[in-house]
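All remarks here apply to the structure that follows.
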Amino acid sequence: MPTNLFTLRSWTGLVCAAAALIIPALRAAADDTPSQADAFPTYESYVKISGLAPWVSGDTAAYAQRNGNSSLGSGGIEDLFYTKDLSDSTTMTINGRALAGSDDYLASLNLTDSGVGSIEAGYKRFRTFYDGVGGFFPETDKFEAWSPEDLHVDRGAFWVNLKLARPDAPVFTLSFRDEVRTGMKDSSEWGPVINPLAVVTNGALVGTALPANTPYIAPNVLELNEHHDILEGAVTDTFGKTTETLKATIDTVNNLDSRDYIKYPNSNVIADPTVQLTQDDQEAIRSTSFRLLDQVSTEISSKLAVDVGLTYQQLSSANGGSWITPTYETTPNAILPVDTAANIYGGSKLYDYVGNIDLKYTPTKDWLADLGFREESNNTTSSGGFTTTSLASGSTTLASTNITTANDVTYSHYDDHIATPEISLQYLGIDRLALYANYDDAIDHGNQHWINPYADITTTGAGVVTTANAPIGSVFFQEANADDLNAKIGANWNASKFLTIRVEGFRKDHQNRFVGADDIIGTKSYGALYVTGYTFTGVKLSVIVKPLPELTLSTRYQPQEGMMSVTGNTVTGGTGYEVTSGKASGQMISETVDWTPTTRFYAQANLNVVYNYIQTAYPVVVVSATSNIATPIQNSNDNYITSSALAGFVVDKKDDAQLQVAWSQADDYNPQIAAGGQPYGASFLEETATAGLKHKFSDRLIGEGKAGYFRRTDATTGDFTNYRGPLVYIGLTYSL
């Protein structure tokens, strides 16, 4: 890696040096152009060549993920824009970018004729960086990282857009887009590892020191290989005061993803054979959907307009893959490559129908009412199966006669009927004051029927075959209803040229309610009563004050409170009453100061303070009326501060300078929780400082450079992902 770093930095330096060497020639070419009064003109067509070189000490993968660029640096064509009139009615536009190191590329061509239409074709690719780390256990200073830790995902797209737009004629469009996503990224799901305090010798587990329930976590990555195609055609026609759009879309997906993790990383496990790398949860998804939309907009009068839409969508998919989870069997002292779900097969079909109507009513110049109603109905049917294997209890070997194979099958059918009324009001009848209100409520009435996976055929290693029907505990019938309400009311008051106030109150109320047959017959099957929901209420307030023409103060404050609740049927062990399962609270306050005392100097400062938490069962977990777990389940805290400041000033007619600093910090990590639970919350400190200079070599050539220093410490990962170092950026923009 040091060799690659040196090579890329050298290459980046050569790019910048080569660009610098051509400055005299470019300046000579520019001397013939008319001078402009503006020291830094805006170019209509230009090319920008740049290079970025960071020198990272510490975790290079953490730097790449946080900053969105490679720790090896990047360089090349940062931006290319060229436009030219080929005739009185035809214009050509070219966009481009090619940055090596960050693998960021773009090439597009657009031809537009005002009397005919346009054609556009392009390709782009960019890279997203990830850090392949698992968890940190503070009591033993254990940190788990993938090897290699530097991960990335490349996203690419090719597109062609055609548009036929002749005067006084329908407008036809046809587009095709091909998207690809490949690479590896860290996953939010972590695979388990054994206690690092334990020792396994010849299959015997010894030394299992407390706490035995510590949730050790290992690196877990997703391998992505995804393909997505979209073909869309549309026609839009206007006749009188009515405009109609008919659009058809074919959407196909072809994905093959898998999940990898290390089973026993950095432990004292001595197993035969030793399991290190495990590929689990491999899934292939292929789907095709067809969507047809018809949208009509008409102006009935100067006070009333109507939008009506109808949409039909049909989707079919086929899934496959396998979930393989090797398990250590203590009796035979060996690893059994258990087929948790091998040879997965399945398919589903979705039919969706949507109708919507929207009325825009303006009875007076001060009132605007927007009334809408959306109706949706859909049904989904799925079926599939997979194969599982297991080792017979008490087996001392992994012989095939000790292994049982089962074929599991499953089925589901869902119906949903969703009605959504919407209303929006706006009143402008008070001088300098605008009042508004919005309300919508998505009401879903549905039913669900499914059969949990069950073994319909079981075959032992001895060849004994057993068939079975679905057990009663695997069959479920439920009504599934949901209510998702959103409401807000607000005002914008331009009190004077010195003061502007905006305030908005909002409420979000959501509930999922599942009612099954066992609410009546009490069999603990067929589905049960189970209700989940949340309610959030908050305010958004912003005040803009201009005490002086050159000084602006912008203050924003947003508090919100909410709670989550759950109701469980007594048949399935619940209380039968609504119980608060969590409380959430958040406050955000930010301040921005803009100051421009002269035309030669400007400054801006930003400060954001955020306080968020989700309260669960902290500090005591109640198990029953007579027992509890004293070890706390920590609240989920997300409190942090971010700030930044910049100052820019004119050095002379050809030079501008800028200084910028940024700082952010969180202190929510409590490692003491690791003694018996997962320590939620993050603690970090991040600082950056840069100084930049922009110089006008000529009216056609502008150069800019920045030098800075960055640093980040992360206590959440035991400081194993800290990084720091200087960086240099150089760019040249030339007018074409």
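The values are calculated or read from the model by the stated rules, or taken from the named source; none is laboratory data. Source: prediction; values computed, not measured. In this analysis, Cβ positions are derived from the backbone assuming ideal geometry, glycine residues included, and neighbour counts consider all displayed protein chains.
In the set (1) modelled with pLDDT of 95 or more; (2) assigned to a loop (DSSP other than H, G, I, E, B), GLN604 fails one condition alone, (2).
When the residues of the stretch 458-483 are filtered to those that are over 19 Å from ASN402 (Cβ atoms) and among the hydrophobic types (A, V, I, L, M, F, W, C), the one that is nearest to the chain's Cα centre (by Cα) is ALA482. Restricting the first member to the stretch 396-421 and to residues that are over 30 Å from ALA487 (Cα atoms), and the second to residues that are exposed (fewer than 14 other Cβ atoms within 10 Å of the Cβ) and of a type in the set (A, V, I, L, M, F, W, C), the beta-carbon pairs closer than 6 Å and six or more apart or on different chains are THR401/ALA462; ASN402/ALA392. So GLY681 clears everything in (1) surrounded by 17 or more Cβ atoms within 10 Å (Cβ to Cβ); (2) farther than 23 Å from TYR613 by Cα except one condition, right? Which one? So GLY681 meets the others, but not (2). Taking the stated definitions as given, is THR311 surrounded by fewer than 16 Cβ atoms within 10 Å (Cβ to Cβ), modelled with pLDDT of 95 or more and in contact with a strand residue (DSSP E or B) (Cβ under 7 Å, 6 or more places away or on another chain)? No. Among the residues of this structure, ALA674 does not count as one that is in contact with a strand residue (DSSP E or B) (Cβ under 8 Å, 6 or more places away or on another chain), aliphatic (A, V, I, L, M) and at pLDDT 75 or above. Here PHE126 passes the criteria (1) closer than 30 Å to ARG166 by Cα; (2) assigned to a strand (DSSP E or B) except the one numbered (1). Screening VAL621 with (1) under 22 Å from SER565 (Cα atoms); (2) modelled with pLDDT under 55; (3) out of contact with any Pro (no Cβ under 9 Å at 6 or more places or on another chain); (4) not acidic (Asp, Glu) gives one miss only, at (3).
Contact annotation: residue pairs with Cβ atoms under 8 Å, 6 or more positions apart or on different chains, pairing a residue in the stretch 52-75 that is in a strand (DSSP E or B) with a partner that is surrounded by fewer than 22 Cβ atoms within 10 Å (Cβ to Cβ) and among the acidic types (Asp, Glu), are SER74/ASP104.
Only one of (1) within 22 Å of ASP113 (Cα to Cα); (2) at pLDDT 95 or above; (3) among the small types (Gly, Ala, Ser) is not met by GLY156, so which one is it? Result: GLY156 fails condition (1) only. When the stretch 639-678 is examined, which residues are found to be among the charged types (D, E, K, R), surrounded by 16 or more Cβ atoms within 10 Å (Cβ to Cβ) and either without any contact (Cβ under 8 Å) to a residue 60 or more places away in the chain or in contact with a helix residue (DSSP H, G or I) (Cβ under 9 Å, 6 or more places away or on another chain) (or both)? Once the filter is applied, which keeps residues that are among the charged types (D, E, K, R), surrounded by 16 or more Cβ atoms within 10 Å (Cβ to Cβ) and either without any contact (Cβ under 8 Å) to a residue 60 or more places away in the chain or in contact with a helix residue (DSSP H, G or I) (Cβ under 9 Å, 6 or more places away or on another chain) (or both), the stretch 639-678 yields only ASP668. Has the stretch 705-724 got any residue that is assigned to a strand (DSSP E or B) and under 18 Å from LYS142 (Cβ atoms)? Within the stretch 705-724, one or more residues are assigned to a strand (DSSP E or B) and under 18 Å from LYS142 (Cβ atoms).
Look through SER382, SER322, SER316 and report the one residue that is at pLDDT 95 or above and either surrounded by 17 or more Cβ atoms within 10 Å (Cβ to Cβ) or charged (D, E, K, R) (or both). Write out each step before concluding.
Numbers: SER322 fails: at pLDDT 95 or above; SER316 fails: either surrounded by 17 or more Cβ atoms within 10 Å (Cβ to Cβ) or charged (D, E, K, R) (or both).
Exactly one of SER382, SER322, SER316 is at pLDDT 95 or above and either surrounded by 17 or more Cβ atoms within 10 Å (Cβ to Cβ) or charged (D, E, K, R) (or both), namely SER382.
Only one of the numbered conditions (1) surrounded by fewer than 17 Cβ atoms within 10 Å (Cβ to Cβ); (2) farther than 22 Å from ASP141 by Cα; (3) at pLDDT 95 or above is violated by ILE730, and that is (1).
Looking at LEU256, LEU205 in this structure, which one is in a strand (DSSP E or B) and at pLDDT 90 or above?
Details: LEU205 fails: at pLDDT 90 or above.
When all the criteria are applied, what remains is LEU256.
Screening LYS84 against (1) in contact (Cβ under 8 Å) with a residue 40 or more places away in the chain; (2) surrounded by fewer than 15 Cβ atoms within 10 Å (Cβ to Cβ) leaves a single unmet condition, (1). Only residues that are out of contact with any helix residue (DSSP H, G or I) (no Cβ under 9 Å at 6 or more places or on another chain) and under 15 Å from ARG97 (Cβ atoms) were counted in the stretch 69-84, giving 6. Could you check the stretch 379-395 and list, in sequence order, the residues that are touching a residue at least 40 places away in the same chain (Cβ under 8 Å) and either in contact with a Phe, Trp or Tyr (Cβ under 8 Å, 6 or more places away or on another chain) or part of a strand (DSSP E or B) (or both)? Of everything in the stretch 379-395, those that are touching a residue at least 40 places away in the same chain (Cβ under 8 Å) and either in contact with a Phe, Trp or Tyr (Cβ under 8 Å, 6 or more places away or on another chain) or part of a strand (DSSP E or B) (or both) turn out to be GLY384, GLY385, PHE386, THR387, THR388, THR389, SER390, LEU391.
Taken residue by residue, the stretch 333-342 has no member that is at pLDDT 70 or above, more than 23 Å from THR401 (Cβ to Cβ) and polar (S, T, N, Q).
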